[in-house]
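Worksheet: one structure, shown below.
The values are calculated or read from the model by the stated rules, or taken from the named source; none is laboratory data. Quantities reported herein were computed from a predicted structural model and do not represent experimental measurements. Cβ: placed from backbone, ideal geometry, glycine included. Neighbour counts: every protein chain shown. Ligands, DNA and RNA are excluded from the accessible area calculation, which covers all protein heavy atoms including side chains. Shrake-Rupley method; radii C 1.70, N 1.55, O 1.52, S 1.80 Å.
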Amino acid sequence: RRALLQRHGISRRFVMYTGGADERKNLHRLIQAYAGLPVDLRRNVQLVFVGKMPDEYVRAFTQTARNSGMAADELVCTGYVDDTDLRKLYCCCDLFAFPSTHEGFGIPPLEAMACGAPVVGSHATSLAEVIGLPEALFDPASVEAIRALVEKALTDPAYRQRLVAHGQEHAQTFTWDRSA
């Protein structure tokens, strides 16, 4: 675990996102929501964007983090991660957050749930069906709603356990055979 995290620049517990970097992914709001967490919580948890993202997006995310008062080590953009490491990162993240405002399906939250990660996400489009738990959904247009659910998932062990248990069970309903 330590070698995996070190390889990707992660030095402590983390909230993970993986997927695209375009505007519909709503990552600037996720950064602002993370920045609104209590400082003592942020000292122990990083926000980690996993996967290759265009440099101009990474620069914009870093600027949003700076403008929101985050320390330089609070936002980590890992760059490309192979499938083996991606799965391991899903398995060891403290929370997977998916704030997209528009999504065709939403495979990353499903993958995260299947790996046992607690998942919160946007109530927009297909994500409500993919995540399948109303108490795990937030309004993607509200930085405060995102922040509140991220904070709850990081600080409320009972809520976190509900997310994990639900996710593992719900992910099984999306097999290729059942979907077909």
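Of all residues in the range 9-55, those being surrounded by fewer than 18 Cβ atoms within 10 Å (Cβ to Cβ), in contact (Cβ under 8 Å) with a residue 60 or more places away in the chain and touching a strand residue (DSSP E or B) at 6+ places or on another chain (Cβ under 8 Å) number 3.
Quick check on this structure: which one of Ala124, Ala117, Ala72 is within 15 Å of Gly167 (Cα to Cα) and not in a helix (DSSP H, G or I)?
Values: Ala124 fails: within 15 Å of Gly167 (Cα to Cα); Ala72 fails: within 15 Å of Gly167 (Cα to Cα).
Answer to the check: Ala117.
For the range 97-129, what are the residues that are of a type in the set (A, V, I, L, M, F, W, C), in contact with a helix residue (DSSP H, G or I) (Cβ under 6 Å, 6 or more places away or on another chain) and open to solvent by 10 Å² or more (accessible area, probe 1.4 Å)? Leu110, Ala114, Cys115 - these are the residues of the range 97-129 that are of a type in the set (A, V, I, L, M, F, W, C), in contact with a helix residue (DSSP H, G or I) (Cβ under 6 Å, 6 or more places away or on another chain) and open to solvent by 10 Å² or more (accessible area, probe 1.4 Å).
Quick test for you: out of Gly132, Gly167, pick the one residue that is at positive phi, touching a residue at least 12 places away in the same chain (Cβ under 8 Å) and open to solvent by less than 50 Å² (accessible area, probe 1.4 Å). Lay out the reasoning, then the answer.
Numbers: Gly167 fails: at positive phi.
The conditions single out Gly132.
With respect to the conditions (1) of a type outside the set (A, V, I, L, M, F, W, C); (2) part of a helix (DSSP H, G or I); (3) touching a Pro at 6+ places or on another chain (Cβ under 7 Å), Thr101 falls short on a single one, namely (2).
Test Ala141 against the stated conditions and say whether it is surrounded by 18 or more Cβ atoms within 10 Å (Cβ to Cβ), closer than 20 Å to Leu30 by Cα and of a type in the set (Gly, Ala, Ser). In short, no.
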